[in-house]
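Scroll down for the structure; my scribbles are underneath it.
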Ligand code: FNR
């Protein structure tokens, strides 16, 4: 069986290191795991007043993409030791309407990356906390707090040999986790 993984990226900028990492993980993924980036930048800020029938088209399309996925991979920077607002907004949109969360029960992993030394630990854990609450079975090991991420890609966009083995290990372990925990 092939598993479809929706990939959410917490940075909206074009040259995002986290986006490059997400694409690298998609390249390294084993054959039974199909990673697809689902964009979150155009989702209106979550507001219960607009989330009525009909919901905003961007909400509906986003929820449909997640509903069609078997698992979700979150790749995010850290903003002010916390979750970047676009990522938190995406989680909030996905979690509603109440009782119809598009995330519930789906296996998930969190990768955080930063040019700084701490590797986005704060964002990673705060995001994990929300996802645990949303009843997602979370991959626990290996943890992925990727510090020094400013050196991961050279000017031509090539992934550094220093980080590639870890990304390979991460995505292989995530694939095994998805196989074990995804709803059939
Ligand atoms: C940052 N950055 C940052 N880095 C970090 O390690 N811890 C932090 O708390 C913050 N805070 C923060 C706040 C805001 C508003 C911005 C814009 C940036 C730096 C951040 O890690 C850096 O810009 C990364 O390159 C962002 O990830 P992308 O866009 O390259 O994926």
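Given the conditions (1) in contact with a helix residue (DSSP H, G or I) (Cβ under 8 Å, 6 or more places away or on another chain); (2) within 17 Å of residue 76 (Cα to Cα), and given that residue 33 satisfies all but one, which numbered condition is not satisfied?
(2)
Inside segment 1-106, counting only helices (runs of 4 or more DSSP H) that do not spill past its ends, which hold 3 or more residues that are under 17 Å from residue 135 (Cβ atoms)?
The helices (runs of 4 or more DSSP H) meeting that bar are 57-67, 85-94.
Suppose we filter segment 83-114 for residues that are loosely packed, with under 15 Cβ neighbours inside 10 Å and within 15 Å of the ligand (Cβ to nearest atom); how many remain?
Within segment 83-114, residues that are loosely packed, with under 15 Cβ neighbours inside 10 Å and within 15 Å of the ligand (Cβ to nearest atom) number 1.
Quick one: in segment 51-74, of everything that is more than 16 Å from the ligand (Cβ to nearest atom) and under 27 Å from residue 176 (Cβ atoms), which residue is surrounded by the most Cβ atoms within 10 Å (Cβ to Cβ)?
This residue is 71.
Name the residues in segment 115-126 that are in a helix (DSSP H, G or I) and either near the ligand (Cβ under 7 Å from one of its atoms) or touching a helix residue (DSSP H, G or I) at 6+ places or on another chain (Cβ under 7 Å) (or both), would you?
Result: 122, single match.
Which condition from (1) under 26 Å from residue 167 (Cβ atoms); (2) away from the ligand (no atom under 16 Å from the Cβ) is the one that residue 77 breaks?
Residue 77 satisfies every listed condition except (2).
Which residue pairs have Cβ atoms under 7 Å apart, sit 6 or more places apart or on different chains, and have a first residue in segment 1-28 that is within 16 Å of residue 78 (Cβ to Cβ) and more than 9 Å from the ligand (Cβ to nearest atom) and a second that is assigned to a loop (DSSP other than H, G, I, E, B) and modelled with pLDDT of 95 or more?
Taking only residues 6 or more apart or on different chains, the pairs are 8/38; 8/40.
The values are calculated or read from the model by the stated rules, or taken from the named source; none is laboratory data. Note that the structure is predicted; figures quoted are calculated from it, not measured. Positions of Cβ are generated from backbone atoms using ideal geometry, with glycine treated the same way; all protein chains shown enter the neighbour counts.
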